[in-house]
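Have a look at the structure below, then the notes.
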Amino acid sequence: MENLVPDFVCPLCCNRLVNGGQHKTANTSVFGYGLDFRLVPRDCDRSFEVVTCPDCLYTSHINSVDARIPGHIKELVGSAAYRDTFKTSPSEAHKARSWLAYVSILEARGLNPRDLGIAGLRGSWMARELDSLGTEGELLAMADAYLDDALRRGLTKGDPGMIIYLLGEINRRRGEFLRAREMLTFLGNNPRYRYAALLLTVLVEEEDTTPYWSRHAPDKMEQHSPRFRGLFPALRSIPPGKTEFYPDELSEPSERPD
């Protein structure tokens, strides 16, 4: 079944109606988690989350379109640097580039760097779904910079451990293994992330940049797998273009129904 994403009136170009397209009705029950805390339900295509006006290129999250746009945001959207965000090779989907534009608008609105980092990370998930790996790398670099700024300034919303852990995972994904190892060292023996940090350490040592998902969120891994001994929870990779996930993918052969 498919649903239309609601139309919205673009606030910058003569009330032009812009339609975000269609998306599948998803099963939102969560049965998996990315190592970067991505929630993995079946059919989790995120390509409808942000929408860009094809005329003026103003970009918004589909659920938070503003009726009035401040002057400095109008100037940003009209700038050459903003418009250049959408100038890239044909292999990079326009929808994926929209997340770069969206995060730049959020920054201009003064969003906390911790939240900007999370937005960049979320955008990287969609870029991977669209097989836009260059844009995925840009969004991961953006997430790294914002989360590092949040950590240095103490703007972590009371959970610096999660920010440090995410910096380790993001830099592993980027192939920045020295920085990833440094972040995991800073994480120390934090009980919420002990098991996940051990897992990331192994992946860093193996110089593995693959995105993975598992049954359990990183901060729950140890309580579900209390004995380390090299026995990790079931993991599956997220290859480019993957938008459908099924619980059986995380089941060991002995657990699957006949």
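Per-structure values
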| item | result |
| --- | --- |
| Relative packing of 42-55, 160-173, which averages over residues the other C-beta atoms within 10 Å, highest first | 160-173, 42-55 |
| Where segment 133-188 is the region considered: accessible area per residue in Å², 1.4 Å probe | 41 Å² |
| Residues of type lysines that residue 87 reaches as a straight line, Cα spacing below 24 Å, ignoring anything fewer than 8 places off in the same chain | 74, 95 |
| Highest to lowest packing among 215-224, 120-129, 104-113, scored as the average C-beta count within 10 Å | 120-129, 215-224, 104-113 |
| FRET efficiency, residue 37 to residue 75 (Cβ-Cβ, R0 25 Å, nearest 0.05) | 0.15 |
| Surface per residue (accessible, 1.4 Å probe) for segment 27-66, Å² | 38 Å² |
| Whole-percent carbon and sulfur share, accessible surface of segment 96-216, 1.4 Å | 51 percent |
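The values are calculated or read from the model by the stated rules, or taken from the named source; none is laboratory data. On a predicted model such as this, the values are computed, not experimentally measured, just so you know. Reconstructed Cβ throughout: ideal geometry from the backbone, glycine too, with neighbour counts over all protein chains shown. To get the accessible areas, we keep the full protein, side chains included, count just its heavy atoms, and leave off ligands, DNA and RNA. Shrake-Rupley method; radii C 1.70, N 1.55, O 1.52, S 1.80 Å.
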